[in-house]
Number of protein chains: 2
Amino acid sequence: MTDVWKRLRELGDRFTIAEITATRELFVPRALAPLAVGARVQRDLAYGPDPRQRLDVFVPAPAGNLPVVLFVHGGGFVGGDKGNEGDPFFNNVGAWAARSGFIGVTMTYRLAPVHAWPSGAQDVDLALGWLRAHVATYGGNPARIVVMGHSAGAAHVAGCLARHGCAPGSRSPAAAVILVSGIYELDLYPDGHDYRVYFGTDRRQDKERSTVAQLASLDIPSLFTISEFDPPAFHRNLAAVFPARVGQSGRCPEVLYQRGHNHVSVMMQLGSELDTAGNELAEFIRQLQ
Amino acid sequence: MTDVWKRLRELGDRFTIAEITATRELFVPRALAPLAVGARVQRDLAYGPDPRQRLDVFVPAPAGNLPVVLFVHGGGFVGGDKGNEGDPFFNNVGAWAARSGFIGVTMTYRLAPVHAWPSGAQDVDLALGWLRAHVATYGGNPARIVVMGHSAGAAHVAGCLARHGCAPGSRSPAAAVILVSGIYELDLYPDGHDYRVYFGTDRRQDKERSTVAQLASLDIPSLFTISEFDPPAFHRNLAAVFPARVGQSGRCPEVLYQRGHNHVSVMMQLGSELDTAGNELAEFIRQLQ
């Protein structure tokens, strides 16, 4: 265990392919599989017509009226996947959810450059709508859907919530949200990653396509996570949420800080024997009424 | 257990005497006592000539070269105490430290209005110096002293660290710091609490007597905690640290968010059966090399 933390520290916060690959090597042998927790998995259910509009549902037995966790993967707006049968990631997220007594759901979504802003946010919205209509048949409670996005996935989740707005009378499409190392302010996106392929190059649109203002007045329970070895841009994005949120609500956003983790290990660890986030995330979900 | 969280939610974030008293009633019956964990306590050791310059040392058996936690209580700069034998608070902090395998130390310090700025910071400094000289005889490692301040105590700890400065070559008087719901920016102090009796009424001095800038460039491990039902001013203080810290180091400060807790319950819970912070704080201390 100690060696994993030492290695993550050595890998640092650069978030390159080499770092991601090395991080995978640490976590693949430790990935929690759905079989290991006795979860039934329904794969590749269509929540829309596009081939990327698919989701997997992880069901603990016995299920009934359970909280639901919808996971939206990262991948820099141009890649990433929920994973297929036998893949370590992100079957681990579905398996963690099922082991925690929730219905786990992992989804894919349309990617840039073919599909630009706001396609990701629209797909999260579409998947949430699909779940509200169908998750009861899998044993889930449609009124207790928590949406959790990582990296670009967190940006899409934030985008989806922002599009619903926080005006009085607007209804959130989810009961709560978990945002893992996301981008919320386009001024603060990481150098060297071409997020413009999704958000567009016209900087006059940045404000409208950023979500900090909406996240500041979000009226559903929300949890932000940040990893010690997240690249600085992700730290800057979370830091931007703090004054906005406090100014709006008088309270800091709830934060789960992941000491020793990098941008990708934070999700790869979920459900493994060295998981430092899973219990906290499950507790956050369980306290929802 | 559930009733405690419900009651804390009802009490809200007002931080009045009534709220503090009601919170005490919840936690007194649950307070961890040194006897219960087999700790030896050396009481009222003088670290300076003033009657308030006293500290208690909580020693687990067997002790030797252990990490040391120095706790600095709150009390709005004019009150508060480490507690005496048989008191629930903050013997619970010393007992929690001893149970965790650390040398626990609780201290008192000189109070306003008799003693104004920077007396509190000076006393923390004095106590740290005393510990570096003496804690080895109690089984502690003088190179692994973690200083933890709560509320006004956190302001004093931050003040002590700021006075040492963060310039190259400056040496921190502690190995790490835990700041629990503190005041770091005098512009952001809570209304209705007369912190000016300590900091002085000349607002031109506020910048010099604030610690945000120094906390931003702090080069020892640091952990900030905030409670959901902290009054807004404490949330604003933590929010001010975020952009400063990210601007300086590229990383957010490490945060432990205490859902369901108020300004005083966060310390009263430590070591009790419903403690939601103790394991995280102990883990933070154990990872120090």
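Couple of notes before you dig in:
- Global size of the stretch A:52-194 as Cα Rg and Dmax, reported in angstrom: 14.7, 47
- Percent of Cα pairs exceeding the 22 Å cut-off, where the set is the stretch B:1-78: 49 percent
- Relative contact order computed over the stretch B:1-130 (Cα-Cα under 8 Å; 6+ residues apart), in percent: 25 percent
- Share of pairwise Cα separations in the protein assembly as shown, more than 37 Å, in percent: 34 percent
- In nanometres and ascending order, the distances from the residue A:219 label point to those of the other copies are 4.9 (point 7 Å from Cα along Cα→Cβ).
- Antiparallel DSSP beta bridges within chain B, percent to nearest 5: 25 percent
- Largest-first ellipsoid semi-axes for the stretch A:149-241, taking √(5λ) over the Cα gyration tensor eigenvalues, angstrom: 21, 16, 10
- Carbon plus sulfur fraction of accessible area for the stretch A:133-234, probe 1.4 Å, in percent: 49 percent
- For a straight C-alpha distance cut-off of 12 angstrom, the aspartates and glutamates reachable from residue A:82 (same-chain residues fewer than eight places away being disregarded) are A:44, A:56.
- Working value for the stretch B:234-289: equivalent-ellipsoid semi-axes of 24, 17, 7 Å, each the square root of 5 times a Cα gyration tensor eigenvalue, largest first.
- Karplus-derived HN-Hα couplings along the stretch B:127-136 (A = 6.51, B = -1.76, C = 1.60, θ = phi - 60°), whole Hz, x at Gly and Pro: 5, 4, x, 4, 5, 4, 7, 10, 6, 4
- FRET efficiency for the pair residue B:87 and residue B:204, taken as 1/(1 + (r/R0)^6) with r the Cβ-Cβ distance and R0 = 35 Å, rounds to 0.30.
- In loop segments of the stretch A:57-164 as defined by DSSP, there are no trypsin sites (Lys or Arg not before Pro) with at most 12 further C-beta atoms inside 10 Å of their C-beta.
- Overall, the ratio between the Cα radius of gyration of the stretch B:108-190 and 2.2 N^0.38 Å, rounded to two decimals, is 1.12.
- Paired Rg and Dmax values of chain B, which use every Cα atom, in angstrom: 17.5, 51
- Take each residue of peptide B:226-239, count the partner chain Cβ atoms within 10 Å of its Cβ, and average: the result is 4.
- Debye, to nearest 20: dipole size of the stretch A:2-115, +1 on Lys, Arg Cβ, -1 on Asp, Glu Cβ: 140 debye
- Full extension of the chain between residue B:25 and residue B:65 yields a length gain of 10.7 nm, computed as 0.36 nm times the residue separation minus the alpha carbon distance.
- Hydrodynamic radius of the stretch A:185-279 per Kirkwood, over alpha carbon pairs, in Å: 14.8 Å
- For chain B, leaving out every one of the GluC sites (Glu not before Pro) that falls in a DSSP loop and has at most 15 other Cβ atoms within 10 Å, the longest unbroken run is B:86-272.
- Since only B:5, B:34, B:23 are under comparison, the one whose Cα sits farthest along the positive direction of the charge dipole of the stretch B:1-44, derived from C-beta charges on Lys, Arg, Asp and Glu, is B:34.
- Considering only beta bridges that DSSP places wholly inside the stretch A:1-118, some 65 percent are antiparallel.
The values are calculated or read from the model by the stated rules, or taken from the named source; none is laboratory data. Since the model is a prediction, treat every value here as computed from it, not as a measurement. Cβ coordinates were reconstructed from backbone atoms using ideal geometry, including for glycine residues, and neighbour counts include every protein chain displayed. Surface areas here come from the heavy atoms of the whole protein model, side chains and all, with no ligands, DNA or RNA. Shrake-Rupley method; radii C 1.70, N 1.55, O 1.52, S 1.80 Å.
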